[in-house]
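Q: Below is the structure I would like to discuss, written out as structure tokens.
The values are calculated or read from the model by the stated rules, or taken from the named source; none is laboratory data. This one's a predicted model, so the numbers in the text were calculated from it and none came from an experiment. Every residue, glycine among them, receives a Cβ derived from its backbone with ideal geometry; neighbour counts consider all protein chains shown. Side chains included, ligands, DNA and RNA excluded: accessible areas come from the protein's heavy atoms. Shrake-Rupley method; radii C 1.70, N 1.55, O 1.52, S 1.80 Å.
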Amino acid sequence: DIHIKGRNYTTDSAIKKAVGADYGTPLLALSLAEIKHNLEELGWVEKATVARDYPHSLAITITERRPLALLQTKGGHRLIDENGHTIFGASAASFSHLPVLSGEGAAIHAKLIIEALRTEPDLYADVWAIQRVSDRRWDVHLRTGLAVRLPEKDAVLAWSKLAILDRDTAIMKRDLATIDLRISGQLIVEPNLPLSKKGQKT
């Protein structure tokens, strides 16, 4: 018998394959180190513990990776955990509610920026994509199409000030293309401008 704790996403079939033993195999014939290694090779498993539970059971406890965001790559979206590691075998389509990250260094710094954005839940609820720019700072894209350009330093403070401003003025509901917070103490907005029709004089 196999008793499993901590499994949410890892399938029973994947675990049984990692154990690699048929029903009736003697407990002492199993290599716990090999089973542990096989389990930790599974995409969802971050770490595993394996122990014999006499007289006839195997006790497995796994810690699964926590999905954080979708990383945009040339091969499509990949699900990543809080450490920026790809969760191999996971379906990105099943986690479409998570923000999409892009840009050089995005995966490595993903946890920090998402934790920062989550400090303002009302704003974070509208976040659709987060772009790492020149591996230095972030542009945050909202579902409305608005882009918020965060500064390289004190991004959390800038995001918090924007949330306070929005509560006072509802600035996020205005017809804006960008809000630029890169210069300390300044807020620069760019309105959405209608595209000129072909042949129209400007």
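Q: Check 25, 73 and return the single one that is under 30 Å from residue 131 (Cβ atoms) and modelled with pLDDT under 95.
A: Only one candidate qualifies: 73.
Q: Also, quick follow-up: Suppose the filter is free of Cβ contacts under 8 Å to residues at least 40 places away in the same chain and touching a Lys or Arg at 6+ places or on another chain (Cβ under 6 Å); does residue 105 pass it?
A: When the stated conditions are applied, residue 105 passes them.
Q: Still on this structure, please answer the following. Could you grab me the full set of residues in the stretch 1-22 that are of a type in the set (A, V, I, L, M) and modelled with pLDDT of 90 or more?
A: 4, 14, 15, 18, 19 - these are the residues of the stretch 1-22 that are of a type in the set (A, V, I, L, M) and modelled with pLDDT of 90 or more.
Q: So which residues in the stretch 43-65 are surrounded by 13 or more Cβ atoms within 10 Å (Cβ to Cβ) and in a loop (DSSP other than H, G, I, E, B), if there are any at all?
A: Answer for the stretch 43-65, where residues must be surrounded by 13 or more Cβ atoms within 10 Å (Cβ to Cβ) and in a loop (DSSP other than H, G, I, E, B): 43, 44, 65.
Q: Next up: Restricting to the stretch 22-42, name every residue that is within 35 Å of the chain's Cα centre (by Cα), of a type outside the set (D, E, K, R), surrounded by fewer than 17 Cβ atoms within 10 Å (Cβ to Cβ) and not in a helix (DSSP H, G or I).
A: 31
Q: Only one of (1) modelled with pLDDT under 95; (2) closer than 27 Å to residue 13 by Cα; (3) open to solvent by 60 Å² or more (accessible area, probe 1.4 Å) is not met by residue 92, so which one is it?
A: It is condition (3) that residue 92 fails.
Q: Next question. For the stretch 118-136, does any single residue satisfy the condition of being surrounded by 14 or more Cβ atoms within 10 Å (Cβ to Cβ), in contact with a helix residue (DSSP H, G or I) (Cβ under 8 Å, 6 or more places away or on another chain), among the β-branched types (Val, Ile, Thr) and over 25 Å from residue 71 (Cβ atoms)?
A: No: zero hits.
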